[in-house]
Amino acid sequence: MASWPGQVMAATQSNPALAEQQATITAIKKALPAIVSITVSETTKQKIDGQLVNQKIRRGSGTGFIISSDGLILTNRHVVNQAGDKGEYRIRFQSGKSYYAQLIDKDPLNDLAILKIFDKNLPTIQLGNSQDLVMGTTVIAIGNALGRYQNSATKGIVSGIGRNLSASNDNGQDELLTNVIQTDAQINPGNSGGPLIDLNGRVVGINVARDASGGSIGFAIPIDDAKPVIDSVKKLGRIVRPRLGVSYLTINDDLALEKDLPVNQGALISANNDQPAVIAGSPAERAGILPGDIILEINAQKLNEQNSLLQIIQKYQPNQKIGLKIQRGDKKIIVQATLDEFPNR
């Protein structure tokens, strides 16, 4: 027997599980048209029957999503890095329509990249707001799972926010991830670069990695951290990032206790991940910042786990001046630095 719309609404209102199921289905349907699978190939010289010939070799796969109707695609940097400088990127929509994409730029700071296909009136996905995410929020990861199962969806919750850690990407390589979202929505190989959406179908994160040592521990870059990249490409045609030029550890109670620090928040300037504490020739070096300094504030904004040095710096532009409040030993000092542009990777 058919049911009237009013009956369906009443049923979902009286059954929260059914209401969430319907919201999940609606969110996926809303997002899917703008989600693409990416196949990464490279043409190399191969010796066949004693002759060198060009042969296209598939290097890997990933996922992306359309962020402008003229064909800009956001994905992970490590997805496009599966091939060398002459990589080829084949884009495929859920509808079956396919294109070759051009690499516009790779983010020198975060695991993000922008590709472009040349068409118009393409479906786009709505960007949400990751700043207000809380633990327990229902999220859905969509991507080209294992490089074979296009537009697979997994559902879970936000398990943690503001994580800073090293985790494995699709290639089994360790990445240093800062301020990422942790989720138990399964993120499989091939999901990298795909969207993490909420129940309104809006992107709150970009799937980036998983912790292979645990079950259902995945990570996504907050969409708010990607918005400066998107804006930069739309305005300038490339990714421009401001740079201070330090490596640091975000201080919390545990780190303060471990290292016997005089404060329990801020950014401890310290060599990290084979990077020096202060990069030679950088704005930080010119400002006189030293290893072991603790940056407490930037332009009166306090640094903590929810408001990291990286997040604050990205609010500014190259050539802008910032004031830094620093704890050096038992003294507090103020220094000024003029940001420059992060070099491309």
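The table that follows gives values for the structure above.
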| quantity | calculated |
| --- | --- |
| Residue check, ILE313 at pLDDT 95 or above and at negative phi | no |
| Answer residue from the stretch 58-97, given it is among the hydroxyl-bearing types (Ser, Thr, Tyr) and modelled with pLDDT of 95 or more and is nearest to GLN275 (Cα to Cα) among those | THR75 |
| Number of positions in the stretch 230-255 that are on the phi > 0 side of the Ramachandran plot and assigned to a helix (DSSP H, G or I) | 0 |
| Those residues of the stretch 49-69 which are in a loop (DSSP other than H, G, I, E, B) and either within 22 Å of the chain's Cα centre (by Cα) or β-branched (Val, Ile, Thr) (or both), in sequence order | ILE67, SER68, SER69 |
| ASN164, sole failed condition from (1) touching a residue at least 60 places away in the same chain (Cβ under 8 Å); (2) out of contact with any helix residue (DSSP H, G or I) (no Cβ under 9 Å at 6 or more places or on another chain); (3) outside any strand (DSSP E or B) | (3) |
| Number of positions in the stretch 256-269 that are surrounded by fewer than 19 Cβ atoms within 10 Å (Cβ to Cβ) and either of a type in the set (Asp, Glu) or part of a loop (DSSP other than H, G, I, E, B) (or both) | 7 |
| Number of the exception - LYS234 against (1) of a type outside the set (A, V, I, L, M); (2) loosely packed, with under 14 Cβ neighbours inside 10 Å; (3) over 30 Å from GLN126 (Cβ atoms) | (3) |
| Residue count for the stretch 17-48, restricted to those that are part of a strand (DSSP E or B), closer than 30 Å to VAL203 by Cα and aliphatic (A, V, I, L, M) | 4 |
| Only one of ALA145, ALA113 that is touching a strand residue (DSSP E or B) at 6+ places or on another chain (Cβ under 8 Å), in the same structural domain as VAL203 (by TED's automatic domain parsing) and within 16 Å of PRO195 (Cα to Cα) | ALA145 |
| Residue that is farthest from SER159 (Cα to Cα), among those in the stretch 117-137 that are touching a helix residue (DSSP H, G or I) at 6+ places or on another chain (Cβ under 9 Å) and either of a type outside the set (A, V, I, L, M) or part of a strand (DSSP E or B) (or both) | PRO123 |
| Residues located in the stretch 306-339, provided they are under 20 Å from PRO291 (Cα atoms), in contact with a Ser or Thr (Cβ under 7 Å, 6 or more places away or on another chain) and not small (Gly, Ala, Ser) | LEU310 |
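The values are calculated or read from the model by the stated rules, or taken from the named source; none is laboratory data. This is a predicted model, so every value here is computed, not measured. Note that each Cβ is placed from the backbone with ideal geometry, even for glycine, and that neighbours are counted across all protein chains shown.
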